[in-house]
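Data block below; observations after.
The values are calculated or read from the model by the stated rules, or taken from the named source; none is laboratory data. For clarity, every value in this text was computed on a predicted model and none was experimentally measured. Here Cβ is always computed from backbone atoms with ideal geometry, including for glycine, and neighbour counts include all displayed protein chains. We work out accessible area using only protein heavy atoms, side chains counted, and drop any ligands, DNA or RNA first. Shrake-Rupley method; radii C 1.70, N 1.55, O 1.52, S 1.80 Å.
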Amino acid sequence: MFVLTGHVAGRCIAPLHRDTRGRWERMSAVQPGGGPNQRLRVLKGTTLRLLGAAFIGALTGLAVFSLTQVTSRSLFVITGGVAGAAAVLAVQWYQRTARLTEVKVTVPQLSELTFTVNNDSRQVAWQLFVETVTRVSTQPLASDQGVIREALGSMYGLFATTRETLKASRPSAAVPSGQTVEYLAITMLNQALRPYLSHWHPRLQEFEREHPDGQESAWSQNAACRAAMREVQRDLYDYAIGFARLAGVREAEALIGVVPAPRSPEGGPVSGPRPPTGGATRTRG
């Protein structure tokens with residue numbers, strides 16, 4: 001038991017003592033050693049710990065004695081059975097957590113890359129897929145519908161959520177070849193979301209500051225901002241499909257529902273169905 005005393009600003013501080021649960025309590029000046037109740041609690045705690053230790057020791061001794069009575073042949077059988085069970089559990093754990101899968105994904109502005117994921121990476125990819133496809137980021141915004149301010153706010157939310165998801169997850173294990181889910185997510189932030197938001201958000205703020213009661217339709221850059229948003233949405237759609245591939249989601253296109261029109265060679269949208277994005281999946285141990 002530790003006793004602390006002292007003086008603060010000329011006043012005497014009553015001694016402190018630490019109880020059996022590690023908490024410091026103020027002692028009375030007339031009972032520096034603790035009262036009868038305190039001593040009784042200490043005695044009970046010590047007795048229970050001694051009884052528990054004696055019980056565990058007795059079980060351990062009984063187990064050791066039982067093994068010494070086993071013949072050599074039976075001992076080898078028992079040891080082999082325990083080792084086999086441990087090996088099966090180790091293999092199952094490895095398959096759940098450490099098995100690597102190679103997935104080919106087409107990344108916007110880049111090319112088709114090979115990604116290597118395990119179960120932890122698939123969980124992160126699934127979270128990012130859900131966040132991406134449930135926001136305005138992949139939903140079309142017609143020229144006469146929706147509000148640009150809300151769409152920008154939704155994209156800012158996707159940016160923040162993606163960053164927090166990556167910060168909260170463990171880094172992917174280093175592999176000799178193949179990219180990781182972190183690479184795909186950070187590329188989405190820096191190549192798609194950041195350029196658009198940093199370009200158009202200040203311009204929209206300036207219009208709102210100069211016209212606090214004005215409508216967005218009166219903004220001279222309304223059409224250009226919406227056209228640029230459609231370009232970003234096409235990229236984000238590809239990123240969402242990439243996250244779905246990494247997470248092992250089947251029929252991701254059907255889950256998203258709305259498919260943005262692909263770009264023409266000149267940069268504008270073209271009509272017709274959108275070709276599937278992604279590639280084959282290969283698992284390795």
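Filter the range 169-190 for residues that are over 15 Å from Phe243 (Cβ atoms), assigned to a helix (DSSP H, G or I) and in contact (Cβ under 8 Å) with a residue 24 or more places away in the chain and give the result.
Selection gives nothing.
From Ala244, Ala252, Ala228, Ala223, grab the single residue that is of a type in the set (A, V, I, L, M, F, W, C), touching a His at 6+ places or on another chain (Cβ under 9 Å) and at pLDDT 80 or above.
On the way: Ala244 fails: touching a His at 6+ places or on another chain (Cβ under 9 Å); Ala252 fails: touching a His at 6+ places or on another chain (Cβ under 9 Å); Ala223 fails: touching a His at 6+ places or on another chain (Cβ under 9 Å).
Checking each option against the conditions leaves just Ala228.
Considering only the range 233-242, I want to know if a residue exists there that is among the hydroxyl-bearing types (Ser, Thr, Tyr) and more than 15 Å from Thr132 (Cα to Cα). Working first, answer last.
Quick first cut of the range 233-242, residues among the hydroxyl-bearing types (Ser, Thr, Tyr) only: 237, 239.
Still in the running and more than 15 Å from Thr132 (Cα to Cα): none.
No, because not a single residue in the range 233-242 is among the hydroxyl-bearing types (Ser, Thr, Tyr) and more than 15 Å from Thr132 (Cα to Cα).
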Quiz item: Arg149: touching a residue at least 60 places away in the same chain (Cβ under 8 Å), farther than 18 Å from Gly242 by Cβ and in contact with a helix residue (DSSP H, G or I) (Cβ under 8 Å, 6 or more places away or on another chain), yes or no?
Solution: yes
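Filter the range 109-122 down to the residues that are polar (S, T, N, Q), out of contact with any strand residue (DSSP E or B) (no Cβ under 6 Å at 6 or more places or on another chain) and in contact (Cβ under 8 Å) with a residue 60 or more places away in the chain and list them by number. Before the answer, list the steps.
Taking the range 109-122 first, the residues polar (S, T, N, Q) are 109, 111, 114, 116, 118-119, 121.
After this cut, where a residue has to be out of contact with any strand residue (DSSP E or B) (no Cβ under 6 Å at 6 or more places or on another chain) as well, the list is 109, 111, 119, 121.
The answer is Gln109, Ser121.
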Quiz item: Of the residues that make up the range 181-195, is at least one under 29 Å from Ala254 (Cα atoms) and small (Gly, Ala, Ser)?
Solution: yes
Exercise. Give the residues of the range 215-245 that are assigned to a loop (DSSP other than H, G, I, E, B) and more than 13 Å from Val147 (Cβ to Cβ), sorted by residue number.
Key: Ser220, Gln221
Quiz prompt | Residue check, Thr165 over 19 Å from the mean Cα position of the chain (by Cα) and within 21 Å of Phe115 (Cβ to Cβ) | solution = no
Quiz prompt | Residue among Gly214, Gly279 that alone is modelled with pLDDT under 60 and either open to solvent by 20 Å² or more (accessible area, probe 1.4 Å) or touching a Phe, Trp or Tyr at 6+ places or on another chain (Cβ under 6 Å) (or both) | solution = Gly279
